Amino acid sequence: MTSPLIAGIELGGTKCICILGSGPDDIREEVRIPTTNPEETLAAVEAVLGRWSGYQALGIASFGPVSIDPEAANYGFITATTKAGWSNTDVGRRLASHADVPLGFNSDVAGAALGEGRWGAAQDVGDHAYVTVGTGIGIGLVMGGDPTNGLTHPELGHIRPVRLAGDDWAGACPFHGACLEGLASGPAIKARAGKPAEQLAEDDPVWDGVAHALAQLAHTLVLTGIPRRIVMGGGVMTGTPHLFPRIREKLVASLGGYVAAPGLDPVEDYVVPAALGNHAGPLGAIELGIRALRPVATSFTRL
């Protein structure tokens, strides 16, 4: 059976990746567009979509927060975001109207989680979490093979973790200060250390606090009872592999033996790097488009 050709859009805070294909072994074209202001960026995406032909659906995995309830008046919108100028921006409906094909729409991390579940590090489990640590911190939760869409998509990047003893730094999140994103995202690391993560030595003391905060996130995810694996990606995790053993060690210590699930042991198989690397998001957008073609999927065409 031939896989459908999909136009996928991963709209990130710094760049937008447009991808045409059906999976990792069939990528016809990939176009990168800087994420500037909404009109300029979305017009550039529309130009790419207008040049492509033959795709059967459009998948969009967008930075957020985003409205993912198809019944909501603002479905497909970016809502109250930290990205200047993008709050209350119509992404889904605008691009779906332009493309005139069924739309699959969700957060960028939900898309990446689906990509890792279909082709990457979570292919053998039906329930997993994808954590991206970069410009922001986002979490995509997949349960029974589907994103956990309820009131909204998960926003665990803004939980308030237990602080490292003696650490009273105010944090960098404009909404919550010392939430997870305010303590461990790329901008937070730079604000605290005075230089970006990729320029810090492995033994820089900043990493202990970053690993502590991310282990607190993993602790919270374990206690939801959902993920059988936690996959971690994004610019910070990709560039600093030494973080993984620190996070695992701190997770085990934080749990204190409370959760005795077989899937947690060994922890090296529970908290793992993203197998798709920076392609998790774009491939996840393709998977969202594939799902939009299923009879049970909610989608819309030209409005």
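The values are calculated or read from the model by the stated rules, or taken from the named source; none is laboratory data. Predicted, not measured: the structure shown is a model, and the values here were computed from it. Here the Cβ is made from the backbone with ideal geometry for all residues, glycine too, and neighbour counts use every protein chain on show.
Data table
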| quantity | calculated |
| --- | --- |
| Residues of segment 201-215 satisfying the condition of being more than 18 Å from the chain's Cα centre (by Cα) and either outside any loop (DSSP other than H, G, I, E, B) or not assigned by TED's automatic domain parsing to the domain that holds residue 267 (or both) | 206, 207, 208, 209, 210, 211, 212 |
| So residue 146, is it acidic (Asp, Glu) and more than 25 Å from residue 68 (Cβ to Cβ) | no |
| Hey, residue 243 in the same structural domain as residue 155 (by TED's automatic domain parsing) and within 25 Å of residue 108 (Cβ to Cβ) or not | yes |
| Selected residue [in contact with a helix residue (DSSP H, G or I) (Cβ under 6 Å, 6 or more places away or on another chain) and surrounded by fewer than 17 Cβ atoms within 10 Å (Cβ to Cβ)] from 71, 10, 46, 40 | 46 |
| Flag if residue 148 is over 13 Å from residue 226 (Cβ atoms) and either in contact with a strand residue (DSSP E or B) (Cβ under 7 Å, 6 or more places away or on another chain) or not polar (S, T, N, Q) (or both) | no |
| Test: residue in segment 96-105 that is in the same structural domain as residue 26 (by TED's automatic domain parsing), crowded, with 24+ Cβ neighbours inside 10 Å, touching a helix residue (DSSP H, G or I) at 6+ places or on another chain (Cβ under 8 Å) and under 30 Å from residue 263 (Cα atoms) | no |
| Number of positions in segment 243-264 that are modelled with pLDDT of 90 or more and surrounded by 11 or more Cβ atoms within 10 Å (Cβ to Cβ) | 13 |
| Number of the exception - residue 302 against (1) within 24 Å of residue 8 (Cβ to Cβ); (2) at pLDDT below 95; (3) surrounded by 13 or more Cβ atoms within 10 Å (Cβ to Cβ) | (3) |
| Test set (1) closer than 22 Å to residue 198 by Cβ; (2) crowded, with 24+ Cβ neighbours inside 10 Å - residue 227 fails condition number | (1) |
| Inter-residue pairs, beta-carbon under 7 Å, first closer than 14 Å to residue 41 by Cα and polar (S, T, N, Q) and in segment 74-90, second at pLDDT below 90 and part of a strand (DSSP E or B), 6+ apart | none |
| In segment 165-200, the residues that are part of a helix (DSSP H, G or I), more than 20 Å from residue 131 (Cβ to Cβ) and of a type in the set (A, V, I, L, M, F, W, C) | 191, 193 |
| All positions within segment 84-122 that are more than 24 Å from residue 49 (Cα to Cα) and modelled with pLDDT under 95 | 84 |
| Candidate set from segment 19-37 (those that are under 20 Å from the mean Cα position of the chain (by Cα) and without any contact (Cβ under 8 Å) to a residue 60 or more places away in the chain); member that is nearest to residue 115 (Cα to Cα) | 20 |
| Segment 268-279: number of residues that are outside any loop (DSSP other than H, G, I, E, B), modelled with pLDDT of 95 or more and over 11 Å from residue 228 (Cα atoms) | 3 |
| Single residue of segment 109-146 satisfying the filter (out of contact with any Gly (no Cβ under 8 Å at 6 or more places or on another chain) and assigned to a strand (DSSP E or B)) that is surrounded by the fewest Cβ atoms within 10 Å (Cβ to Cβ) | 146 |
| Single residue of segment 1-17 satisfying the filter (free of Cβ contacts under 8 Å to residues at least 60 places away in the same chain and not hydroxyl-bearing (Ser, Thr, Tyr)) that is farthest from residue 281 (Cα to Cα) | 1 |
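Residue-wise test of (1) farther than 19 Å from residue 197 by Cα; (2) assigned by TED's automatic domain parsing to the domain that holds residue 69; (3) out of contact with any helix residue (DSSP H, G or I) (no Cβ under 8 Å at 6 or more places or on another chain); (4) touching a residue at least 60 places away in the same chain (Cβ under 8 Å).
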site	(1), (2), (3), (4)
141	yes, no, no, yes
146	yes, no, yes, no
171	no, no, no, no
180	no, no, no, no
